[in-house]
Amino acid sequence: MPSRILLIQLRRIGDVLMTTPALAALRAAYPEARISYLTEAPSDQIFTYNPHLDEVIVYPRKASLRSQLSVLRRLRGERYDLALDFFSNPRTAFITRFTGARRRIGFRFPGRAYAYTDAVHPAAEGPRYAALHKAALLEPLGIRINSPLPQVFLGRAERRYAAEQLHALGVRDGELLVALSPVSRRPYKVWPAKHFARLADSLIQRYDAKVLLVWGPGERHFADAVRLEMRQPALPDYPVPSLLEMGALLERAHLYLGNDNGPRHFAVALGTPTVTVFGKPYPENWTPPAMPMHRTIEYDPGCKASCTYPRCSHLNCINAVPYQAVQAETEAMLKELGEDGRLH
């Protein structure tokens, strides 16, 4: 039974969240083990209150070679019994091998099997929820996850922040709060701002909703583009929150509406219903199966399966997602909310 375990998923907030069901299953299987997690900032914030983890090690992606070598030496010195490489890209494959862990598990992607004692073949069948894909690395250990839902744990400080921030923005108890996140760093995930603006206006006029625009560092221009197109007032701007503060805001929202992005995965983890517009990615890869509280809308112009991005000139997979379909799903979800503003 391993006593020292290392998990690796360097980047992308959504991908890191998708490893949390596997982390919980490992903790249940090895309650006495010391479990460490190697990731990059800001994803390390996700684990601030996670009870299943003993240590987070931040890999300095843009730091000097000396800093990176320092982390590698530290990992080597820990003498791990088990290392799981959820990322399995060339860099993390090398890191996993360098740790010298007695058992090393990763995905059998071309040119990386050398790094692992157990190389797991990725699922050959169709689209598969990412948390289930990540959890496949537990199969050589004979461990199964109890639930594929990602986990985010919030503290009192974050929940107090959310309550105070929403009060300062003018949100009162009982008012319908819609968190709208029009952001993504990937152009094939960004539904046109004019559509989000039109939908936000409709929600304000028809449901007297309070619309909270959600964005992160370097993403304010996405929110500004929506606000500029709106005819009704969204809630005022506010300082960019930390990841967990953002999570606390999403936890208090009655509905998440937006693109396929990190905030959406936080909303899923925290039990907030979601309506998400998808472009190039398949919704099945990023949506918990058999959960009608998480609805998706996509459009396939006939080229998603053979996508040539970044050579694509039209991005119709996201630009041509019909407004009427997103509006219909949003209003259908709102009709299912009870008088307390929660889905029943």
Restricting to the range 92-123, and then to whatever is among the polar types (S, T, N, Q) and within 16 Å of ARG76 (Cβ to Cβ), can you tell me which residue is nearest to the chain's Cα centre (by Cα)?
THR92
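Residues are listed down the side, and each one gets a yes or a no for (1) under 24 Å from LEU315 (Cβ atoms); (2) part of a helix (DSSP H, G or I); (3) modelled with pLDDT under 95:
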site	(1), (2), (3)
GLU158	no, yes, no
TYR188	yes, yes, no
LEU203	no, yes, no
LEU212	no, no, no
List the number of the failed condition for GLN68; all other conditions in (1) touching a strand residue (DSSP E or B) at 6+ places or on another chain (Cβ under 7 Å); (2) surrounded by 13 or more Cβ atoms within 10 Å (Cβ to Cβ); (3) more than 19 Å from PHE153 (Cβ to Cβ) hold.
(1)
Can you list the strands (runs of 3 or more DSSP E) found entirely within the range 25-121 that contain at least 1 residues being among the small types (Gly, Ala, Ser) and in contact (Cβ under 8 Å) with a residue 40 or more places away in the chain?
34-39, 82-85
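I'm checking my understanding of the structure. Among residues of the range 207-219 that are over 23 Å from the mean Cα position of the chain (by Cα) and without any contact (Cβ under 8 Å) to a residue 60 or more places away in the chain, which one is farthest from HIS167 (Cα to Cα)? Break it down into steps so the answer makes sense when it comes.
Initial filter on the range 207-219 (over 23 Å from the mean Cα position of the chain (by Cα)): 207-210.
Cutting the leftovers down to without any contact (Cβ under 8 Å) to a residue 60 or more places away in the chain gives us 208-210.
On the way: ASP208: 17, ALA209: 15, LYS210: 12 Å.
Across the range 207-219, the extreme among qualifying residues is ASP208.
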Breaking point among (1) over 19 Å from GLU331 (Cβ atoms); (2) in a helix (DSSP H, G or I); (3) of a type outside the set (S, T, N, Q), for PRO301
(2)
Failed condition for GLU298, given (1) in contact (Cβ under 8 Å) with a residue 24 or more places away in the chain; (2) surrounded by 17 or more Cβ atoms within 10 Å (Cβ to Cβ):
(1)
Kindly indicate whether any position in the range 229-245 is in contact (Cβ under 8 Å) with a residue 40 or more places away in the chain, touching a Leu at 6+ places or on another chain (Cβ under 8 Å), over 24 Å from TYR188 (Cα atoms) and in a helix (DSSP H, G or I).
yes
Quick test of your reading of the structure: ALA101 fulfils all but one of (1) surrounded by 16 or more Cβ atoms within 10 Å (Cβ to Cβ); (2) touching a helix residue (DSSP H, G or I) at 6+ places or on another chain (Cβ under 7 Å). Name the failing condition by number.
(2)
Hits in the range 226-271 - residues which are under 27 Å from THR287 (Cβ atoms), surrounded by fewer than 20 Cβ atoms within 10 Å (Cβ to Cβ) and polar (S, T, N, Q):
SER242
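Residue by residue, here is whether (1) farther than 19 Å from GLY14 by Cα; (2) of a type in the set (Gly, Ala, Ser); (3) assigned to a helix (DSSP H, G or I); (4) touching a residue at least 24 places away in the same chain (Cβ under 8 Å) holds:
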position	(1), (2), (3), (4)
HIS221	yes, no, yes, no
ALA225	yes, yes, yes, yes
LEU257	no, no, no, yes
GLY279	no, yes, no, yes
ALA290	yes, yes, no, no
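The values are calculated or read from the model by the stated rules, or taken from the named source; none is laboratory data. Computed from a prediction, not measured in an experiment: that's the story for all the values here. All Cβ positions, glycine included, derive from the backbone under ideal geometry; neighbour counts span all protein chains shown.
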